[in-house]
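The values are calculated or read from the model by the stated rules, or taken from the named source; none is laboratory data. Note that the coordinates shown come from a computational prediction; the quantities given were computed from them, not determined experimentally. Here the Cβ positions follow ideal geometry from the backbone for every residue, glycine too, while neighbour counts run over all protein chains shown. Accessible surface areas use protein heavy atoms only, side chains included; no ligands, DNA or RNA. Shrake-Rupley method; radii C 1.70, N 1.55, O 1.52, S 1.80 Å.
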Amino acid sequence: MASMTDISFRSWQIGDIKVTRIVESESVFDIPTMFPKASAEEVQKLDWLKPHFVTDDWQGKLSIHALVVETPELTIVVDTCIGNDRDRLAYETSNNLQTAFMQDFEAAGFDREKVDVVLCTHLHFDHVGWNTMKVGDAWVPTFPNARYLFNRAEFEYWRDTQDEATEDMFLNVQKNVFIDSVKPVIDAGLVDLVDENHRVSDEVWLEPTPGHSPGHVCIRLRSQGQDAFITGDMVHHPFQFANAEWSMASVDYDSDMATATRARVYGEVADQPVLVIGTHFAGVTAGRVRKDGASYRFDAEE
Ligand SMILES: [Zn+2]
């Protein structure tokens, strides 16, 4: 994992909306290991992935970051990374993190007590961590004056499977996640369960994109005729624009559904004036989806 001292607070303006990226970590991964259908040979044909999204030797780059969305009325945090102090023993690189994420959040000019809304695209461990922070032995809400919005179907799935015994490593990690990063904000009365098309304001709304998780949502932004789209984990990495079937199969709730969702959304945003901001895209993080023969590509926006 990269150190926290060298990050920049990349930001984008969409009409009257400002989006600021706060990076928790950046890392590299072996693409065919994490995405079994994506052969190295096929991926290495995609020269547009360089330099932002793959290393010189074609390792995938992955960023874990939060996106702070400031509209004229609201400060909204979209996805809250992994968080510090967590018991994630099954995932060595996520276990008991001690990053400077909250110091960076403040250095970027934000006050956790002035956040109005926390939006989680889904409730996987790397999207809900800083929902809470550890104070003494207790998990307390990091954003005490915010409403936390969870898609009802997503929340109910994790709540209702919490007591099911499983051998699945990921699902067992998720049980800890529910206890330390989801339940405390429920117990504090800060959560609103919303539907998958919920409108947060005139400028910000959810769009259903199920598959990677049962109730996954993306975030749409529109202001002054400008549009942006925050991906969540509908798409983890830009190489997936070249082939919607390249799923992160081991943790998908329903990979066929995830593929169908990607194919639909690619068709909707390709060659449209929509800035696509990736929740795990490294480097410049944002860009435009273009038709590329029978498929799509992602043009990084410098
Ligand atoms: Zn994720």
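A straight chain from Leu89 to Ile186 at 0.36 nm per residue would run longer than the Cα-Cα distance by 32.5 nm.
How much of the accessible area of the chain, probe 1.4 Å, is carbon plus sulfur, in whole percent?
For the chain, the apolar C and S fraction of the accessible surface comes to 46 percent.
Across the chain, the mean sequence separation of Cα contacts (distance under 8 Å, 6 or more residues apart), normalised by length, yields a relative contact order of 17 percent.
For region 73-81, 3J(HN,Hα) computed residue by residue from phi via the Karplus equation (6.51, -1.76, 1.60; θ = phi - 60°) reads 10, 10, 10, 10, 9, 9, 6, 10, 6 Hz, glycine and proline entered as x.
How do His237, His52 rank by accessible surface area computed with a 1.4 Å probe, from largest to smallest?
His52, His237
Using C-alpha pairs under 8 Å with a sequence gap of at least 6, the mean separation divided by the residue count of region 82-133 gives a relative contact order of 44 percent.
Annotation: peptides 73-85, 122-134, ranked by per-residue average of other Cβ atoms within 10 Å with the highest first, follow the order 122-134, 73-85. The alpha carbon gyration tensor of region 96-214 gives principal lengths a ≥ b ≥ c with a/c of 1.5 or higher and a/b no greater than b/c, which makes the shape oblate. With a/c under 1.5 counting as rounded, go ahead and sort region 161-204 into rounded, prolate or oblate using the C-alpha gyration tensor (a ≥ b ≥ c being the square roots of the eigenvalues; past the cut-off, prolate if a/b is larger than b/c, else oblate). Cα axes put region 161-204 in the prolate bin.
Summed over qualifying helices (DSSP H, 4 residues or more, each -39500 (n - 2.57)) and divided by its residue number, the chain shows a 222 nm mean residue ellipticity of -5000 deg cm²/dmol. Treating r as the C-beta distance of Lys37 and Arg264 and R0 as 22 Å, the FRET efficiency rounds to 0.75. Counting only protein heavy atoms and a 1.4 Å probe, the chain has 41 square angstrom of accessible area per residue. Looking at region 4-300 alone, DSSP beta bridges between its own residues are antiparallel in about 75 percent of cases.
If a/c stays under 1.5 just call it rounded; otherwise compare a/b with b/c (prolate if a/b is bigger, oblate if not). Do that for region 1-84, with a ≥ b ≥ c from the square roots of the Cα gyration tensor eigenvalues. In terms of gyration-tensor shape, prolate.
If you wrap the tightest convex hull around every Cα atom of the chain and split its volume per residue, you get 125 Å³. Extension gain, Gln226 to Asp57, is 57.2 nm, computed as 0.36 nm per intervening residue step minus the present C-alpha separation. For the pair Ser201 and Ser11 in one chain, pulling the backbone fully straight at 0.36 nm per residue adds 66.3 nm over the alpha carbon distance. In a reduced charge model with +1 at each Lys and Arg Cβ and -1 at each Asp and Glu Cβ, the chain shows a dipole moment near 460 debye about its Cα centre. Accessible area of Thr71 (1.4 Å probe, protein heavy atoms only, ligands and nucleic acids ignored): about 10 Å².
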